1. FRET efficiency for Ala547 and Ala71, Cβ-Cβ distance as r, R0 = 25 Å, nearest 0.05?
2. On full extension of the chain, what length is gained from Ile482 through Ile84, given 0.36 nm per residue of separation minus the C-alpha to C-alpha distance?
3. Give me Ile251, Ile552 sorted ascending by neighbouring Cβ count inside 10 Å, so fewest comes first.
4. In nm, give the distance between the simple-model label positions of Ile450 and Leu130, each being 7 Å from the Cα along the Cα-to-Cβ direction.
5. If neighbour count is taken as other Cβ atoms inside 10 Å, put Thr476, Thr134 in order from fewest to most.
6. How do 426-436, 150-160 rank on mean C-beta neighbours within 10 Å, highest first?
7. Quote the Stokes-Einstein diffusion coefficient, in whole µm² s⁻¹, for region 424-580, based on the Kirkwood radius over alpha carbon pairs, a temperature of 10 °C and a viscosity of 1.306 mPa s.
8. What order, most packed first, do the peptides 253-263, 443-453, 541-551 have when packing is the mean number of other Cβ atoms within 10 Å of each residue?
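Please treat every number below as a calculation from the coordinates, not as lab data. These figures come from a predicted structure and were not determined experimentally. Positions of Cβ are generated from backbone atoms using ideal geometry, with glycine treated the same way; all protein chains shown enter the neighbour counts.
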Amino acid sequence: MKKWWILTKALVKGSDVFGLEMKETKKRKKLTLFSRGLDRTKKILLGVVIFAYIAFVFGINGYNIAKQLLAMGFDAGNPTADPIVLASFQASLAQLYLPGFFMLLGMAFFYAAGIFFFAEDLDTLLALPLKPSTIVAAKLANLYIFSLVIPLALTLPAAVVLGYMLGMPLLYYIYAFLTLIFGAMIPMCIDAILILLMMRMAIFAKSKDRFMIVTQVLMFVGIFAFVFSNMGSIDLDSELPTTGPVALQYIVPMSNRAIEAISLPQDPGSILKIMSLIAVALGLVILLVLLSSRLYLRAARESRASSQAHKPMTDKAWQSLRQTRKDLPNMVSREFKILYRSPTFLMNILAFPIIMLVSMFGTMAFSFSREGKGLATLQKLMAATFASESRENVIPIIMIVVVGVAAFLSSTNTCMPTAISREGRGAGMLKSWPLKISTVFLAKLIVGGIVSLLAWLPIAILTFVILPFSVYFQPTLLVLFIFLPLTVNNLALIIDLNKPYLEWNSEQQVAKQNMNIFKTMLMSLVVGGLLIGAVLLMQKLGGNLIAILAVINGGSILLFVISILLLATVGKKYYLERIS
């Protein structure tokens with residue numbers, strides 16, 4: 001047990017997840033959030049992250065749901081008094097768990113692939129005086145720790161605030177926590193089992209590039225299957241809002257029973273419903289342990305073929321470009337060539353926007369054609385919303401949702417947090433070329449902006465072409481669509497300049513083991529959280545619709561200007577000091 005615990009801690013620290021790193025000082029070792037310590041700038045950044053996190057998770061999910069349920073007459077002492085209110089409570093609980101479990105279902109694929117398949121520590125571990133079972137157990141513990149982070153961050157705070165505001169008993173919190181920690185095991189185990197089986201049996205596992213491409217395709221196919229099956233399961237004629245539990249049970253079996261237990265903690269049968277979820281989770285864990293002990297070490301030895309690393313552009317190729325064009329077009333062309341010449345970069349950076357393009361258009365077409373509900377119905381509904389007196393309450397809610405979607409889509413653009421890291425050991429050549437720093441930055445931002453545009457195109461068409469025009473809606477969305485992705489791209493470039501990942505042997509390491517991607521996702525949450533927090537504050541102060549829209553427009557532009565100033569000062573400093 002002691003060896004397992006020591007090895008687990010070593011694997012967790014060695015993963016450099018979330019930027020954690022041990023810093024050696026004269027007195028003792030200190031665990032810091034950033035590898036270079038917390039200077040004044042990083043303390044301010046950490047404070048902004050904490051503020052945005054509180055505004056986003058606590059302010060919206062927990063607080064707003066509780067207010068709506070209390071307005072409907074929810075009574076924690078007798079939740080079964082009104083079946084409609086109880087169903088709304090259960091659907092709201094499911095919606096709190098759905099984002100974390102849904103993201104985990106996709107991310108656990110990459111966690112498991114990174115920990116089991118792409119890890120380069122197996123030879124070192126086998127040389128240590130450790131039993132193979134200890135190595136496997138530490139790997140599984142490492143996987144579970146990282147798998148818990150997403151649902152804990154997205155679900156637990158909101159669930160606690162919701163229970164506190166509704167006055168729920170102690171059993172509510174116990175059941176909610178048990179559902180979280182055991183529910184997270186199920187998608188983690190499913191993904192890990194698939195990874196282990198593919199490692200052992202699939203021919204494409206001999207190549208890391210092909211392996212990751214296939215796992216990505218499987219992940220996206222699973223997401224599409226979930227979306228369309230969930231759309232088909234929605235009962236539009238039912239008055240009870242059962243969409244949440246129905247959708248959640250597709251990801252976590254028996255989770256609908258657990259939601260019922262959380263909503264009715266006083267019911268004697270609730271403990272049995274929680275135990276059914278725990279039984280499913282432990283059953284999958286046992287299956288994963290058995291497969292890992294039988295398959296992992298053998299499969300890992302046979303599937304450690306290195307992935308292909310494409311050579312960077314040579315001086316000769318660069319000179320041929322300079323013969324016909326100016327610096328900025330040359331750099332833009334070079335950036336695109338780096339992307340499309342590499343299958344890894346092509347899949348990891350350009351695949352998601354293209355898939356968003358296809359899936360969102362397909363989802364929109366499916367929604368419009370289902371049960372005869374065509375495009376005219378949506379246009380009529382939105383026109384009535386814009387023209388009615390309820391727009392004072394409806395449009396701010398729509399804007400909050402749009403800001404959240406905008407922050408998410410901006411975070412999926414992995415082109416910018418790898419802009420410098422993609423250069424690899426040849427990054428220092430950028431300084432040797434007769435180029436302005438602004439030209440290098442602008443070329444990378446142009447390419448990143450084009451990639452962002454691909455993901456935004458379906459929403460832009462839906463908003464500006466299909467929906468009726470309103471002076472309260474489209475102009476503000478236009479400002480958001482322009483400035484929020486650009487702000488995130490600027491900050492992502494600064495993040496990559498701060499700590500570029502240049503010592504890589506495989507492009508998979510840049511695309512999948514680069515913590516700058518995660519930090520950019522966190523930064524997009526900061527940007528979205530600041531805007532949403534400002535909107536909630538304006539609503540709290542009694543501001544009208546015009547004031548709220550002014551806050552969104554002004555805040556978006558202000559954040560963009562701040563990001564430009566940071567890139568021109570801090571980004572330039574990082575480029576001169578840390579790129580060599």
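1. In this case the efficiency is close to 0.60.
2. So the chain would gain 139.2 nm between Ile482 and Ile84.
3. Ile251, Ile552
4. Placing both labels 7 Å along Cα→Cβ, they lie 4.5 nm apart.
5. Ranked by crowding around the Cβ, least crowded first: Thr134, Thr476.
6. 150-160, 426-436
7. Value of D from the Cα-based Kirkwood radius: 90 µm²/s.
8. In decreasing order of mean packing, 253-263, 443-453, 541-551 become 253-263, 443-453, 541-551.
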